[in-house]
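What follows is a single structure, written as structure tokens, with notes after it.
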Amino acid sequence: MTEPVKSDGNPDVTREFVTTPGSGMQTWLGESVPLRPSAGLPTKNRSELSGHLIVLEGTDGSGRSTQIALLTEWLESQGFAVQTMGLRRSFLIAKDIDSLLARNSVTRYTLALMYATDFFDQLENRILPALRSGMIVLADRYYYTLIARAVVRGLDHEYLHRIYELALPPDLTFFLNVRPQVAFEREFQKSPAISFWEAGRDLHLSDDLYDSFISYQTMLRKEFVSLAKHHGFAALNGENPIRTVNADLRKRIASYLGIRNIRYRPSHALVHLWQ
Amino acid sequence: MATSSTALESAARPEEKRAKPPARPYSGALVVVEGIDGSGKSTQLHLLKRWLEVGGYRTYFTEWNSSPLVKSATRRGKRRRLLTPVTFSLIHAADFADRYERQILPLLRSGHLVLADRYIYTAFARDGARGCPIEWLRNLYRFAVVPDVTFYFRAPLEIAIHRILSGRPRIKYYEAGMDLGLSLDPIQSFAKFQGLTLARYDEMVPTDNFVLMDGTLPVHQLQQKMRDVVAEQIELKRYKNL
């Protein structure tokens, strides 16, 4: 490393470094590093984004992931490029959140802020690039879930809303509303045991896991209903059959994107989801 | 919010804070040193700690960025240069929250004199220099109590930079603010980034009750001032070991 040094022995910090533009790379201690186009804040400027962000929100067991699988296939069959996104999937920090949750030794602000880190990492490195290139991003939950979970744990709304005010709001948000009892049946079909976090056991609501699950999901649902009202989500009855909910979603998305044909039958690979 | 004594509120409404001192939910006291690298703050806090320990006070020292909890993510993000201004700020806030909730606040609640080498103002200055809006940063950290005394060590940029560069073989990527594209040369970038950070600190002097410390003064003279201020602002006898 060569340091510019003035005659008095101090490094010369006033000398301007001349760069060669256009290479897209910079040199850092002898190694080449790509210049970060994302330096700065995540954009909220729609004119830079030709794609569309569509979010499905709802409690555990509301059928979000099933609907996302079906919508992805439908939109791709209509010729749209689709990128999906979900919570705790960032390269940066997802694994660390998993191990924290497993150890159950984390405090509420720390957990909320780690989820926020995970969210913004995906927003900046996945969602915004996809939207810039004109893709449809289907998000299996967005920051609303993170707000609802943290509020239920005693953090205040304003604190969380102000953290997420740097994030792009969705173009369309659907809320799949189901009663906790129905959600429980569905979750139990998926895996034959209820998890610590699904039951909100960290909140010490009840030692009975069923009671705990129902109480926790009821609290979350209340938050979602209030978020839905404030942010203008399209609320759908998630207890309807999957194909009914899917037809409703397709109708609304088609009208937003200007797709005329909303007829759809899942392929052989997804037909098992079609009830 | 559970406490009314928060950084956000005190800065947003300074007149209100003076009119109605917030109730403290803890019996401890918090002394903070802030300033850019090479300002001499860590040396001074070390000497203050010695003085308090030898004097027989219940003292605890804590420093920025020492929680093992998010260390692996922070290391991964820094090594692979994945961090943006927002995720850099959030991951450090998560780290601070862990230390705050599990260490600083319990110590304050149990009546300790807590000495912190850097506190929330480090994030305001450094992440602010990276382009995060200051109101966003103040909100992010508003769960943290306002310190009893905040010493701001200020040395001219050239002196601070010289101190750092002469003591270190290389400056790390994010430390030099290389992610901002200020310069392709790490030393140049480091100098510019420290300059931006220093300007953010200076802006907080009136709003955040900083005790300004001239980092060019002799060590023992600064330390005497520090001890005088601590003795004046904090009722030290409450923290005597039994």
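Relative contact order (percent) for the range A:74-125, with alpha-carbon contacts under 8 angstrom and 6 or more residues of separation?
It rounds to 42 percent for the range A:74-125.
Pull up the DSSP beta bridges for chain B and report the antiparallel fraction as a percent, rounded to 5.
Roughly 10 percent of the beta bridges in chain B run antiparallel, per DSSP.
For chain A, which span is the longest to avoid every loop-located (per DSSP) member of trypsin sites (Lys or Arg not before Pro) having at most 12 other Cβ atoms inside 10 Å? Present the calculation step by step, with values, prior to reporting the outcome.
Working: sites that count: A:6, A:260, A:263.
Within chain A, the longest run free of exposed trypsin sites (Lys or Arg not before Pro) spans A:7-259.
Averaged across B:153-166, how many Cβ atoms of other chains sit within 10 Å of each residue's Cβ atom? Intermediate results must be reported in sequence, preceding the final value.
On the way: counts 0, 0, 0, 0, 1, 7, 1, 0, 3, 5, 0, 1, 5, 3.
Across B:153-166, the average partner-chain Cβ count within 10 Å equals 2.
Of A:241, A:119, B:194, which is farthest along the charge dipole of the protein assembly as shown in the positive direction, counting Lys and Arg as +1 and Asp and Glu as -1 at C-beta?
Of the listed residues, the answer is A:241.
If you take every residue apart from residue B:196 with its C-beta less than 10 Å away from the C-beta of residue B:196, what net charge results, scoring Lys and Arg +1 and Asp and Glu -1?
+4
Compute the Cα gyration tensor for chain A, then decide on rounded, prolate or oblate, letting a ≥ b ≥ c be the square roots of its eigenvalues: rounded whenever a/c is under 1.5, prolate when a/b is larger than b/c in the other cases, and oblate in all that remain.
oblate
What residues qualify as long-range amide H neighbours of residue B:215, i.e. H under 5 Å apart, gap of 5 or more or another chain, H built at 1.01 Å from N?
B:154, B:155
Output the antiparallel fraction of DSSP beta bridges having both residues in chain A, as a percent to the nearest 5.
Counting only bridges with both partners in chain A, antiparallel ones make up about 20 percent.
Pull out a ≥ b ≥ c, the square roots of the eigenvalues of the alpha-carbon gyration tensor of the range A:209-275, then state rounded if a/c is under 1.5, prolate if not and a/b is larger than b/c, and oblate in the remaining case.
Oblate, since a/c reaches 1.5 and b/c is not below a/b.
Once you list every other residue whose beta carbon is under 11 Å from the beta carbon of residue B:111, what net charge do they have if Lys and Arg are +1 and Asp and Glu are -1?
That works out to +4.
In angstroms, what radius of gyration and Dmax does the range A:158-242 have, counting Cα atoms only?
Over the range A:158-242's Cα set, Rg and Dmax evaluate to 14.8, 41 Å.
Please list, by residue number, every one of the GluC sites (Glu not before Pro) in the range B:151-242 that is coil in DSSP and has at most 16 other beta-carbon atoms within 10 Å.
Within the range B:151-242, the qualifying GluC sites (Glu not before Pro) (loop, at most 16 other Cβ atoms within 10 Å) are B:235.
Give me Rg/Rg_expected for the protein assembly as shown, where Rg uses Cα atoms only and Rg_expected = 2.2 N^0.38 Å with N residues.
Numbers: Rg = 26.1 Å, N = 517, 2.2 N^0.38 = 23.6 Å.
So the Cα radius of gyration is 1.10 times the expected 2.2 N^0.38 Å.
At 7 Å along Cα-to-Cβ for each site, give me the label-to-label distance between residue B:159 and residue A:268 in nm.
7.9 nm
Taking 0.36 nm per residue of sequence separation and subtracting the Cα-Cα distance, how much length would be gained by fully extending the chain between residue A:133 and residue A:48, in nm to one decimal? Can you show the working numbers first?
Working: separation 85, 0.36 × 85 = 30.60 nm, distance 0.95 nm.
Fully extending the segment from residue A:133 to residue A:48 adds 29.7 nm.
Considering the dipole of chain A built from charges on the beta carbon (Lys and Arg +1, Asp and Glu -1) around the Cα centre, which of A:152, A:134, A:87 is farthest to its positive end?
A:134
I'd like the FRET efficiency for residue B:241 and residue A:203, computed as 1/(1 + (r/R0)^6) with the beta carbon distance as r and R0 of 45 Å, rounded to 0.05. Provide the component values of the computation, followed by the final result.
Values: r = 38 Å, r/R0 = 0.85.
The calculated FRET efficiency here is 0.75.
Which residue fluctuates most in the GNM of chain A (Cα springs below 10 Å): A:207, A:156, A:60?
In the Gaussian network model the winner is A:207.
On each of the three principal axes of the Cα atoms of the range B:90-170, give max minus min coordinate, whole Å, ordered largest first.
Largest to smallest, the principal-axis extents are 41, 29, 23 Å.
Only helices at least 15 Å long along their axis, Cα-based, and averaging 0.0 or more on Kyte-Doolittle count here, so list those DSSP H runs from chain B.
Span-like helices in chain B: B:85-99, B:157-167.
Counting only helical runs of four or more DSSP H residues, what would the 222 nm mean residue ellipticity of chain A come to if each run contributes -39,500 (n - 2.57) and the total is spread over all its residues?
Only helices count here, giving -12500 deg cm²/dmol.
Which cross-chain or sequence-distant (5 or more) residues have an amide H under 5 Å from the amide H of residue B:144, H modelled 1.01 Å from N in plane?
The answer is B:7.
Assuming R0 = 25 Å, can you tell me the calculated FRET efficiency for the pair residue A:98 and residue B:81, based on Cβ-Cβ distance, to the nearest 0.05?
FRET efficiency, residue A:98 to residue B:81: 0.65.
Over all distinct alpha-carbon pairs, what is the Kirkwood Rh of the range A:78-231 in angstrom?
Taking the inverse mean of 1/r over all distinct Cα pairs, the range A:78-231 comes out at 16.8 Å.
In whole angstrom, how far apart do the alpha carbon centroids of the range B:39-111 and the range B:198-227 sit?
For the range B:39-111 versus the range B:198-227, the Cα centre distance is 20 Å.
Can you give the relative contact order of chain A as a percent, counting alpha carbon pairs under 8 Å and 6+ residues apart?
Numbers: 342 pairs, mean separation 64.3, N = 275.
That works out to 23 percent.
Considering only DSSP beta bridges where both residues belong to the protein assembly as shown, give the percentage that are antiparallel (nearest 5).
Of those bridges, close to 15 percent are antiparallel.
Please state the shape class of the range A:105-191: rounded when a/c is under 1.5, otherwise prolate if a/b exceeds b/c and oblate if not, all from the C-alpha gyration tensor.
oblate
Sort A:52, A:157, A:268 by Cβ crowding within 10 Å, fewest neighbours at the top. Intermediate results must be reported in sequence, preceding the final value.
Values: A:52 19, A:157 15, A:268 6.
Fewest to most other Cβ atoms nearby, the residues stand as A:268, A:157, A:52.
For chain B, what is the mean residue ellipticity at 222 nm derived from helices alone (per DSSP H run of n ≥ 4: -39500 (n - 2.57); sum divided by total residues; nearest 500 deg cm²/dmol)?
The per-residue figure over chain B is -15000 deg cm²/dmol.
In nm, to one decimal, how far is the residue B:214 label point from the residue A:181 one, both placed 7 Å along Cα→Cβ?
In this crude label model, residue B:214 to residue A:181 measures out at 7.6 nm.
Toward the positive end of the charge dipole of chain B, about the Cα centre and with charges on Cβ (Lys, Arg +1; Asp, Glu -1), which of B:96, B:48, B:74 goes farthest?
B:74
Considering Cα pairs under 8 angstrom that are at least six residues apart, work out the relative contact order of chain B and quote it in whole percent.
31 percent
Each value in this text was obtained by applying a stated rule to the coordinates, not by laboratory testing. The model shown is predicted, which means the values in this text are computed figures rather than measured ones. Note that we place each Cβ from the backbone using ideal geometry, even for glycine, and neighbour counts take in every protein chain shown.
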